[in-house]
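Written out below as structure tokens is the structure these notes cover.
The values are calculated or read from the model by the stated rules, or taken from the named source; none is laboratory data. Just so you know, these numbers come straight off a predicted model, no measurement behind them. Here Cβ is always computed from backbone atoms with ideal geometry, including for glycine, and neighbour counts include all displayed protein chains.
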Amino acid sequence: MRLGVSPFARSQDAVEKIAEAAVLGGLDTLWLGDGYLLTSDFPGWRGAMESFTTLGWLAGRFPTARLGITAAVLPMRDVPWVAKQANTLHRIAGGGFVLAAAAGFWPHDLAARGVEFEARGSRFRNDVDDLRTHLDDIELGPGPLRDGPVPIWLAGAAATMKFSIDRGMPFQSSRATPDELEPIAMRYFDSGGTTLAHRVRVTFGDNTTEGDRVAWHSVTGSVNQLVEELSRFREMGVIDLSIIPGHDDDSALTTVDVLASDVLPQLS
């Protein structure tokens, strides 16, 4: 199971420190989410920067890292431009970019872009087909790499999971602890799914609060507890784990350090 992290923080300097700790520690993927308006899920600087742009900066700063966006909300974006951005990042990262795509999670983001929340699913399915076509378009420079196209994953809930199975595409679930993911994983594989990834918040220690609220669906605890819980993801068939570390800058860096030095060796 591959492990990567989202280097979210309140400043660019803190982002760089978290990313550096992850890459040097063997957490081989740097993931960024995709959002339009500010949201309380990611307060302050966290999550507010445009994802493709920031990934380009991370690619230059950490050329050995695999990069991923999780997940590009296609109904809010111009799909040919997404394909051009993705192929560009794939080249910059030496063929190490993963594009997870989603229909959208936050109604206020979609509304701001003139997309009806209830219509996002049908639009997303069409957008996925368009994306695959444009990624292969050699006229839309830079075009695909000869070594292989940008991997496309589908991210979301039950409807997207079914769509991924129907299309034979990898599926990335999110916001679920091992207990919450287990029935979903069983349903996915029983229905013919073959490639399961997951995105989850992980925090070293007992503090799960973020401001004045409890962080969502977080895996927390000691080194042994983190090893046990992350091992459960692998046992249920997750092959790639995207981690949102901590709940603020300090806990994010501490969590990444612990994952690299103490947890990852026990998962290898």
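Could you check how many residues of the range 128-185 are touching a residue at least 40 places away in the same chain (Cβ under 8 Å), acidic (Asp, Glu) and within 14 Å of residue 101 (Cα to Cα)?
Going through the range 128-185 one residue at a time, the tally reaches 1.
Considering only the range 22-39, I want to know if a residue exists there that is assigned to a loop (DSSP other than H, G, I, E, B) and without any contact (Cβ under 8 Å) to a residue 24 or more places away in the chain.
Yes, some residue in the range 22-39 is assigned to a loop (DSSP other than H, G, I, E, B) and without any contact (Cβ under 8 Å) to a residue 24 or more places away in the chain.
Given the residues 66, 61, 46, which is the only one that is among the basic types (Lys, Arg), modelled with pLDDT of 90 or more, buried (at least 19 other Cβ atoms within 10 Å of the Cβ) and more than 25 Å from residue 162 (Cβ to Cβ)?
66
Please tell me if residue 186 is loosely packed, with under 13 Cβ neighbours inside 10 Å, among the hydrophobic types (A, V, I, L, M, F, W, C), assigned to a helix (DSSP H, G or I) and modelled with pLDDT of 95 or more.
Criteria met by residue 186.
crowded, with 22+ Cβ neighbours inside 10 Å and either at pLDDT 95 or above or not in a helix (DSSP H, G or I) (or both): does that describe residue 197?
yes
Mind listing just one residue for me: the one in the range 238-268 that is of a type in the set (Gly, Ala, Ser) and either within 20 Å of residue 70 (Cα to Cα) or at pLDDT 95 or above (or both) and, of those, surrounded by the fewest Cβ atoms within 10 Å (Cβ to Cβ)?
Only one residue fits best here, namely 261.
Mind checking which residues of the range 114-144 are loosely packed, with under 11 Cβ neighbours inside 10 Å and under 21 Å from residue 95 (Cα atoms)?
Within the range 114-144, 138, 139, 141 qualify.
Could you tell me whether the range 220-237 includes any residue that is modelled with pLDDT of 95 or more, part of a strand (DSSP E or B) and within 19 Å of the chain's Cα centre (by Cα)?
No.
Given the structure, is residue 56 farther than 20 Å from residue 142 by Cα, touching a residue at least 24 places away in the same chain (Cβ under 8 Å) and of a type in the set (Gly, Ala, Ser)?
no
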